[in-house]
Amino acid sequence: MEAFVRLVAGRTADPEVLAAAVRAARAASDLVAALPEREVRRHTRALLDGVRSALQGDGDPGPGALAAAALLGSDRARQGVPVAALLDGFQAGRSHLVEAVIAEGRRCGVPADELLDGVTRIDHITITLARRMVQEHRVAELAAARTAREGSLLTLRQLLHGEPVESLAAPLSPTGRYRCVVTSVSDPALAGPPEQALAAAGPGLCGFVDGRLAALTGAVPVLPFDGPTAVVTPPAEPSGLAPLYALARQALRAAESAGLTGLHRLADLALLTATPADAGLGALLAGSLLGALDPADPFHRELAGTALAQLAHGGRTDRTAAELHVHPNTVKYRLRRLRELTGDDPLTGGIEHTAHWWWALRSWLARRHAGGPAGPAAARARPRDAAGPSSTRPSAPQVTC
């Protein structure tokens, strides 16, 4: 059994096993998949650690493992994930762990009897953890059901999912107009400050919907600029909130992918939200406009990043230079080199020309330039900046639409 325990200890500590277990859990449940991946990974890691410590001890989950299972159950209840969906994800992760352990055990020559005994012990541990998880899920649900907050939270979820609502919970009115706010906050333990800021924006509702802190507010809330990423929609009557909520979720994903923080209006993220929907078209534009550049060449990435920043600042060289922490002459030089290499100028032309360049630059800069044969541009020598060498070359800028 010692060989099996060592085997499980190695597999449960393997980052690849953790990542695969997370993928399995999210694939088994749409509601779990709707949660941020980091949220699923947080709990999965704690449970894998619990299985490992139980096998290395007396075979029963210790206080730490039981506490991790209890937290998983209560968090999912507060996030609105039903216990059936929670169990689907849990069992999928458990099945992946058992399959990985058996495969590795056979490869290492662990006797079949020892593998069988070990898997039986894993089953005992995971069943105990699942019971604790379900128990805390039900406790959290019952506690919430006894409060007026649960009724408000149910109304919020029904409105944002487009489900029929028998009667609006106070303080909403059927003829009132409310803004929908969706945030990146997924951990209930971190929801206090942003929830207070959302509540201060006027009469409305606030709570977790699809694993994210969301709210209906009368006014645009005031959130810290460096706080959680959040998207606010235009005001609408309760019956028209569901489509705006769906758009806000798409915009939030786009904003997070772009590294944006703070609160953003939905309309301001329109282009950033729409363009990733067809990555193939963006790649086609990048190939057409930036085919002379090599994504693996740091200088070429500087040129593209500078052009993207210049577009974001409406062609203002002084603002672009300030964002990139370079001299304005350096910005002008990089843009001139980009024109020489591509034969085009992103800053001249109509709205359509500018939009195409913006999309192409974002798609090109997002490429993963793994090792391997470089493109034709890699054969060219890297020219020096007109302003002289710099001790630190800035990375591609983030664009706030």
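The values are calculated or read from the model by the stated rules, or taken from the named source; none is laboratory data. Predicted model, so just to flag it, every value in this text is computed and none were measured. Don't worry about glycine lacking a Cβ; one is built from the backbone with ideal geometry, like all the others, and counts go over all protein chains shown. Accessible surface is based on the protein model in full, side chains and every heavy atom, while ligands, DNA and RNA are left aside. Shrake-Rupley method; radii C 1.70, N 1.55, O 1.52, S 1.80 Å.
Structure summary
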quantity	calculated
Selection status of residue 92, crowded, with 16+ Cβ neighbours inside 10 Å and aliphatic (A, V, I, L, M)	yes
Single condition residue 341 does not satisfy, out of (1) in a helix (DSSP H, G or I); (2) open to solvent by 50 Å² or more (accessible area, probe 1.4 Å); (3) farther than 29 Å from residue 38 by Cβ	(2)
Among residues of segment 1-17, those that are more than 9 Å from residue 100 (Cβ to Cβ), in a loop (DSSP other than H, G, I, E, B) and either small (Gly, Ala, Ser) or open to solvent by less than 40 Å² (accessible area, probe 1.4 Å) (or both), counted	1
Yes/no for residue 198 being part of a strand (DSSP E or B) and either crowded, with 18+ Cβ neighbours inside 10 Å or of a type in the set (A, V, I, L, M, F, W, C) (or both)	no
The lone exception for residue 126 - which of (1) in contact with a strand residue (DSSP E or B) (Cβ under 7 Å, 6 or more places away or on another chain); (2) open to solvent by less than 50 Å² (accessible area, probe 1.4 Å); (3) not hydrophobic (A, V, I, L, M, F, W, C) it fails	(1)
Residue within segment 173-191 that is at pLDDT below 85 and within 28 Å of residue 22 (Cα to Cα) present	no
Cβ-Cβ under 8 Å pairs, at least 6 apart or on other chains, segment 337-349 side closer than 13 Å to residue 360 by Cβ, far side in a helix (DSSP H, G or I) and among the hydroxyl-bearing types (Ser, Thr, Tyr)	338/306; 346/354
Number of positions in segment 218-234 that are in contact with a helix residue (DSSP H, G or I) (Cβ under 6 Å, 6 or more places away or on another chain) and modelled with pLDDT of 90 or more	4
Out of 115, 159, sole residue that is in a helix (DSSP H, G or I), closer than 19 Å to residue 211 by Cβ and in contact (Cβ under 8 Å) with a residue 60 or more places away in the chain	159
Pair list, Cβ under 8 Å, 6 or more apart: segment 79-96 residue closer than 19 Å to residue 153 by Cβ and polar (S, T, N, Q), other residue in a helix (DSSP H, G or I) and open to solvent by less than 50 Å² (accessible area, probe 1.4 Å)	79/188
Residue 66 vs. criteria without any contact (Cβ under 8 Å) to a residue 40 or more places away in the chain, part of a helix (DSSP H, G or I) and more than 24 Å from residue 23 (Cβ to Cβ)	no
Residue among 70, 103, 84 that alone is under 25 Å from residue 48 (Cβ atoms), surrounded by 18 or more Cβ atoms within 10 Å (Cβ to Cβ) and not charged (D, E, K, R)	70
Lone unmet requirement of (1) outside any helix (DSSP H, G or I); (2) crowded, with 19+ Cβ neighbours inside 10 Å; (3) modelled with pLDDT under 85 for residue 43	(1)
Residue check, residue 25 open to solvent by less than 50 Å² (accessible area, probe 1.4 Å), among the small types (Gly, Ala, Ser), in contact with a Ser or Thr (Cβ under 6 Å, 6 or more places away or on another chain) and in a helix (DSSP H, G or I)	no
Residue 212 being touching a strand residue (DSSP E or B) at 6+ places or on another chain (Cβ under 8 Å), open to solvent by 40 Å² or more (accessible area, probe 1.4 Å), touching a residue at least 60 places away in the same chain (Cβ under 8 Å) and not hydroxyl-bearing (Ser, Thr, Tyr)	no
Residue within segment 135-149 that is over 17 Å from residue 252 (Cα atoms), part of a helix (DSSP H, G or I), in contact with a helix residue (DSSP H, G or I) (Cβ under 8 Å, 6 or more places away or on another chain) and of a type in the set (Gly, Ala, Ser) present	yes
For residue 353: the one exception among (1) farther than 28 Å from residue 262 by Cα; (2) modelled with pLDDT of 90 or more; (3) open to solvent by 30 Å² or more (accessible area, probe 1.4 Å)	(2)
